[in-house]
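Engineer: My questions all concern the structure below.
Nothing in this text is a laboratory measurement; each read-out follows from the coordinates by a stated rule. As the structure is a prediction and not an experimental result, all values here were calculated from the model. So basically every Cβ, Gly included, is an ideal-geometry build from the backbone, and we count neighbours across all protein chains shown.
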């Protein structure tokens, strides 16, 4: 159902206690279908991921740019994997080889990655592959990074009982959910230009908060886990959708 057609359903305030954080529990082992007991990535999976990364980058037609590395990171390269995990496949390049205008290069790669991820649904052992182009000079805060190209850990994960601040994770996630629902209310009331403005501000707030959390306390920070809840519950997609719908409405003529 289109949530914009059911305002009563989306405007019911979400209480922090209702937010589920159970999937963030630390696992005893790395995912057994990907890794052996010695921490080696399954050879068939490694070959397929490397093939995907190369073909993705070849499609960008940047023949003068060299791939520095191809890595697998995220929860499936760590002990916090769950049914919600995806395969974070990073293509590492030096942005300065592309162009001196780093902001334009970043936007180009972000758009290319997003387009590829929208148009493809490659599943490996039931987990979807997500491609991302990473600058070789960009700090990366994951505690598990495996080099598929070099067949070794760049950053080997360690199973630690990370303390999860469940109360504040729930509180922050619920607050953002209610903020996003409030944007939908503005849409229902026909305030389309305000929706576009508020949605963009909200997306930027979420992005900055997640980044600050990663820089401060890493993958298990309150901000990063709240972000993951928003993604898993489809709230991030809904925020992008309502912004697009509001923009289209604001630019239309004779549309009720």
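Engineer: Roughly how large, in nm² to one decimal, is the mean projection of the convex hull of the alpha-carbon atoms in segment 85-236?
Structural biologist: Details: hull surface 45.7 nm².
Mean orientational projected area (segment 85-236, Cα hull): 11.4 nm².
Engineer: Within the chain, what percent of beta bridges assigned by DSSP are antiparallel, to the nearest 5?
Structural biologist: Numbers: 15 of 22 bridges.
If I count the DSSP bridges inside the chain, around 70 percent turn out antiparallel.
Engineer: Here's another thing I want to ask about it. Angle check, please: helix 102-119 long axis (alpha carbons) against the longest principal axis of the chain (alpha carbons), in degrees 0 to 90, nearest 10.
Structural biologist: 90
Engineer: A follow-up question, please. For 169, 163, 148, which order do you get if you count the other beta carbons within 10 Å of each Cβ and list the fewest first? Mind showing how you got there, number by number?
Structural biologist: Working: 169 24, 163 8, 148 21.
Starting with the residue having the fewest Cβ neighbours, the order is 163, 148, 169.
Engineer: How far is helix 166-188 tilted off the main Cα axis of the chain, in degrees rounded to 10, range 0 to 90?
Structural biologist: 50
Engineer: To the nearest 500 deg cm²/dmol, what mean residue ellipticity at 222 nm is calculated for the chain from DSSP H runs of n ≥ 4 alone, each contributing -39,500 (n - 2.57), summed and divided by the residues? Show your work: numbers first, answer last.
Structural biologist: Numbers: 7 runs with 116 residues, N = 256.
Counting only the DSSP helices, I get -15000 deg cm²/dmol.
Engineer: Also: Arrange the following residues from fewest to most other Cβ atoms within 10 Å of their Cβ: 244, 233.
Structural biologist: On the way: 244 12, 233 17.
With the sparsest Cβ surroundings first, the list reads 244, 233.
Engineer: Now a separate question. To the nearest 10 degrees, how steep is helix 192-217 against the longest Cα principal axis of the chain, on a 0 to 90 scale?
Structural biologist: That helix lies at roughly 30 degrees to the long axis.
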